[in-house]
Amino acid sequence: MIDSTISLSKIVKKFDATPVLRNVDLNIESGEFLTLVGPSGCGKSTLLRIIAGLEMQDTGSVFIGGRSVDHLRPKQRDVAMVFQSYALYPHMTVAENITMPLLMQRMSFAQRFPVMGRWVPGSQHIQKNIRKEVETVAEHLHIEKLLERKPGQLSGGQRQRVALGRAMVRRPLAFLMDEPLSNLDARLRVKMRTELAELHQRLGTTFIYVTHDQVEAMTMSKRIAVMMDGEIVQLGTPDEVYNDPQDIRVAQFIGSPPINILPGEVNSAGNLSLFGVECRYRINGSNQKNVKIGVRPEDLQISEFKVGLIERGGLRGWLRRLENLGNEYIAHIDMDCDDGHWQIAVRFPPEELNGIGQPGAAVNIFLNEAKIFVFSETGDRLSGEAMLQSAVEKAS
Amino acid sequence: MATPFRSSNADSDVLLNKAKTTPAGGARLFKRIGAHTALLIMAAIVLLPFIWMLMTSLKDPTEIFDTPFSLRFDWEKGVENYIGAFNAVPMITFMINGTVVVLGILMVQLVTSIGAAYALAKIEFRGKSILFAFVVFALCIPVQVPALPLYLGLANLGLLNTYFALMFPWFLSAFAIFLFRQFFKSFPDEIISAARLDGFTEFEIVTRLVLPSAKPAIAAFSIFSITAHWNDLYWPLIVINTVDYMTPPLGMMYFRDAEAGTNYGMLMAAAAIITTPLLLMFLFAQRQFIQGITMTGFK
Ligand SMILES: Nc1ncnc2c1ncn2[C@@H]1O[C@H](COP(=O)(O)OP(=O)(O)O)[C@@H](O)[C@H]1O
Ligand SMILES: [Mg+2]
């Protein structure tokens, strides 16, 4: 089996004085589908371009298939890239677009010289083989009927397929995809997502898939690298990234509606309180006083307001708006406290609706301490543990 | 650059539509007639010398000054004038010289400026912005400034009275570099990246991808260049003094001095002959030319 691992070691890149990539380390296994996700402008495209050799890193090294490729030009690195704009050659037909990579790879400069190249020995034979391979790829992608058209005459989805064909045809060691689906409409995007996953299974090559869409990231791959401000802040399975975020930016970026971030306080014993109400949660060995509590909308419970519930650890808020998504509800709650005004989203199934619904009505919110994440003021995850109910009762 | 042309089109469309639909259509129509009359008058002023030239070339010498604008043509005399123009001076030689010179200049200009413009538009290298500043600076230097050193250099090398002397000062065109650089800038970067990954050499990127999109700009520049150098009198006058290498305008001057000093009919026939190739060229390339100067590149 061909080694198509990709390793990045301490990649740093600055444009003028602005650091765009700060010390990126990343190891991608042979045949892996890795998603690189992060907000726009965090340096994803720059990282791909460095892997492809289109841009030179300032320091650090890129290894493809186990060997350093820092001195190699883009075409020698044997990776293919699919661009957001598809980047098809505008004056060439679909067939010519897909032919180009093979032509450039297999024919000498003289052989591929327009018109004259035809008489250079060997060129005819190569041309014939190339033609066959192009047709095979076109059939795979169901674009065999479009071969004689120009890119301008194709729809977005068709262009996308041609771009894939052009990338596939020379069987590269790895595919680099830079937001390939972001120009498609929502329905087509879902369809192409599946097709790309299948394509990866069939080809078995390494894929690096860049997106700013967290849904794409969560659904398409086994491992996700979350990138923020030129750094990879967390690398893990979708489950780890969602349920165990190591950085507040990861927690905020992944998940929709986004995670609620609330102000917490830690007392000297390490006990956490929220809006002055003590929680059954203890921070391990940290001297932080003010912390940020992250809690996902589905990890909050909501109920109609009853005075008695406040005593049992419930928080009081006012319902601002209720969204019915069919299979679930999302309640947007206003909360006021000494520190100011907060908005919270709560997600819950229709069965738990009982009585909630009047905008402006008071509601109770309960926290599920086992599911909260506590972050320091600078955004690092703090370790801690939820205390069992009985333990709290014993303590008090 | 595209906007002035575009918006004026859009404005006139609006005018047309309103003229058809609004009740005050009559007033609109009046306005339009006024506008067209004004335009026609201006066109007539611009065309007058040209038409005068054609009329004069078709007249008897005695009538040229008596009734310069009468529409009475002497066709026989006209034919005689045209044939005379060919026989009196080596008109064919002038035309061939002109063709060799303008095409030679254009070829070298295109090769040098397309390479430079691509580098300035799409390749990152140190000192790029300074080089581009030099190009803009060079745009501001009138051609007369380097004329003397160029003349002395060519004279010292014994190259006066050659095609090379006629063409050499124009081989590098700052205007062409500037024009093409602006045009190439709008070519999508991702396509160039894709091409580099696919193994295109930079030369192939330019010839196979960028140039096909730049056809309108090339057509526009070609017309500027051909017209300017076909009509140029200043430089040929400095470096040429044998009939063998005279270009059409210089030939015209020689004609006036030597042969047909007072034969204005024949002189105008000769002038009409040397203008014809330019007219034909413009007619053929009109669409490309207008596309090129309005810079409607591609999406
Ligand atoms: N050629 C360049 N010159 C200067 N700045 C650049 C260049 N390319 C990218 N940048 C900057 O680098 C940052 C990261 O860009 P990019 O890698 O395209 O982000 P992403 O793909 O994650 O949206 C952006 O702030 C962008 O403005
Ligand atoms: Mg990007």
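Since every read-out is calculated from the coordinates, none of them should be taken as a lab result. Because the structure is predicted, anything quoted here is derived from the model rather than measured. Backbone-built Cβ (ideal geometry, glycine too); neighbour counts: all protein chains shown.
Observations on the structure shown:
- Under 24 Å from the Cα of B:LYS77 - lysines, other chains or at least 8 residues apart: B:LYS59
- Label-to-label distance for B:LEU279 and A:GLN105 is 5.8 nm, based on points extended 7 Å past Cα in the beta-carbon direction.
- Normalised by the number of residues in chain B, the mean separation of alpha-carbon contacts (under 8 Å, six or more apart) gives a relative contact order of 30 percent.
- Hits among lysines - C-alpha to C-alpha of A:LYS292 under 20 Å, sequence gap 8 or more where chains match: A:LYS371
- Projected label points at A:GLN358 and A:ASP3, each 7 Å from Cα along the beta carbon direction, are separated by 7.1 nanometres.
- Residue-wise HN-Hα couplings along the stretch B:55-63, as the Karplus relation 6.51 cos²θ - 1.76 cosθ + 1.60 with θ = phi - 60° gives them from phi, are 5, 4, 5, 10, 10, 6, x, 5, 7 Hz; Gly and Pro carry x.
- Karplus-derived 3J(HN,Hα) values for the stretch A:137-147, using 6.51 cos²θ - 1.76 cosθ + 1.60 with θ = phi - 60°, are 4, 4, 5, 3, 9, 6, 10, 4, 7, 9, 4 Hz; glycine and proline are entered as x.
- Each 5 Å bin from 0 upward holds the following percent of the Cα-Cα pairs of the stretch A:170-270: 2, 10, 20, 20, 17, 14, 7, 3, 2, 2, 2, 0, 0.
- Förster radius 41 Å - calculated FRET efficiency between A:ARG22 and A:ALA186, Cβ distance, rounded to 0.05: 0.75
- Estimated FRET transfer efficiency (B:HIS36, A:CYS337; beta-carbon r; R0 60 Å; 0.05): 0.20
- Amide H contacts for A:ASN368 (H built 1.01 Å from N in the peptide plane; partners 5 or more residues away or on another chain; cut-off under 5 Å): A:GLN301.
- Amide H contacts of B:ASP232 (H built 1.01 Å from N, under 5 Å, at least 5 apart or other chain): none
- Here the gap between A:ASN129 and A:THR59, fully extended at 0.36 nm per residue and compared with their Cα-Cα distance, gives a gain of 21.1 nm.
- Rounded to whole Hz, the Karplus (6.51, -1.76, 1.60) HN-Hα couplings of the stretch A:70-86, x for glycine and proline: 4, 8, 8, 6, x, 5, 7, 7, 6, 10, 10, 10, 10, 9, 4, 8, 6
- Debye intensity ratio I(q)/I(0), log10, the stretch A:44-84, q values 0.16 Å⁻¹ (C-alpha model): -0.35
- Equivalent ellipsoid, the stretch A:85-133 (semi-axes from 5 times Cα gyration tensor eigenvalues, Å): 20, 12, 9
- Dimensionless Rg over Rh [the stretch A:258-395; C-alpha; Kirkwood]: 0.97
- Comparing B:ALA217, B:ALA43, B:ALA85 in a Gaussian network model of chain B, where Cα atoms under 10 Å apart are tied by springs, the biggest mean-square fluctuation is seen for B:ALA43.
- GNM top mover of A:GLN160, A:GLN214, A:GLN201 - chain A, alpha-carbon springs below 10 Å: A:GLN201
- Each of B:TRP75, B:PHE164, B:LEU278 was placed along the dipole of chain B (beta-carbon charges, centred on the mean Cα), and the one lying farthest toward the positive end is B:LEU278.
- Short to long, the 5 Å bins of the Cα pair-distance histogram for chain B hold 1, 5, 9, 10, 12, 12, 12, 11, 10, 8, 5, 3, 2, 1, 0, 0 percent of all pairs.
- Taking only Cα atoms of the stretch A:1-111, radius of gyration then Dmax in Å: 15.8, 45
- Gaussian network model of chain B, Cα within-10 Å springs - most flexible of B:THR62, B:THR162, B:THR247: B:THR62
- Coarse-grained scattering of the stretch A:50-178 at q = 0.13, 0.16 Å⁻¹, given as base-10 log I(q)/I(0) from a Debye sum over alpha-carbon atoms: -0.60, -0.87
- Longest exposed-site-free window of chain A, the sites being GluC sites (Glu not before Pro) in a DSSP loop that have at most 16 other C-beta atoms within 10 Å: A:149-327
- The Cα atoms of the stretch B:29-77 cover 45, 18, 16 Å along the three principal axes, with the biggest extent listed first.
- Separation of the stretch A:13-38 and the stretch A:258-272, taken as the distance between their Cα centroids, equals 32 angstrom.
- Inverse mean reciprocal Cα-Cα distance (Kirkwood Rh) of the protein assembly as shown, Å: 32.5 Å
- q = 0.07, 0.08, 0.13, 0.15 Å⁻¹, chain A: log10 I(q)/I(0) [Debye, one scatterer per Cα]: -0.46, -0.57, -1.09, -1.28
- Every helix of 4 or more DSSP H residues in chain A counts as -39500 (n - 2.57), and over all residues that averages to -7500 deg cm²/dmol at 222 nm.
- For A:LYS150, a cut-off of 23 angstrom between C-alpha atoms picks up these lysines, skipping any fewer than 8 places away in its own chain: A:LYS128, A:LYS132, B:LYS185, B:LYS215, B:LYS299.
- Ellipticity estimate at 222 nm from DSSP helix runs (n ≥ 4, -39,500 (n - 2.57)) divided over chain B, nearest 500: -24000 deg cm²/dmol
- Equivalent ellipsoid dimensions for the stretch B:163-289 as semi-axes, Å, which come from the Cα gyration tensor, largest first: 41, 17, 10
- For the stretch A:113-245, pairs of C-alpha atoms spaced more than 20 angstrom apart make up 57 percent of the total.
- If you model the stretch A:213-310 as an ellipsoid using its alpha carbon gyration tensor, with each semi-axis the square root of five times an eigenvalue, the axes come out at 29, 19, 10 Å, biggest first.
- Zero-based 5 Å bins, Cα pair distances in the stretch B:49-107, whole percents: 4, 17, 19, 16, 14, 12, 9, 6, 2, 0
- Where N is the number of residues in the stretch B:124-209, Cα Rg divided by 2.2 N^0.38 Å: 1.51
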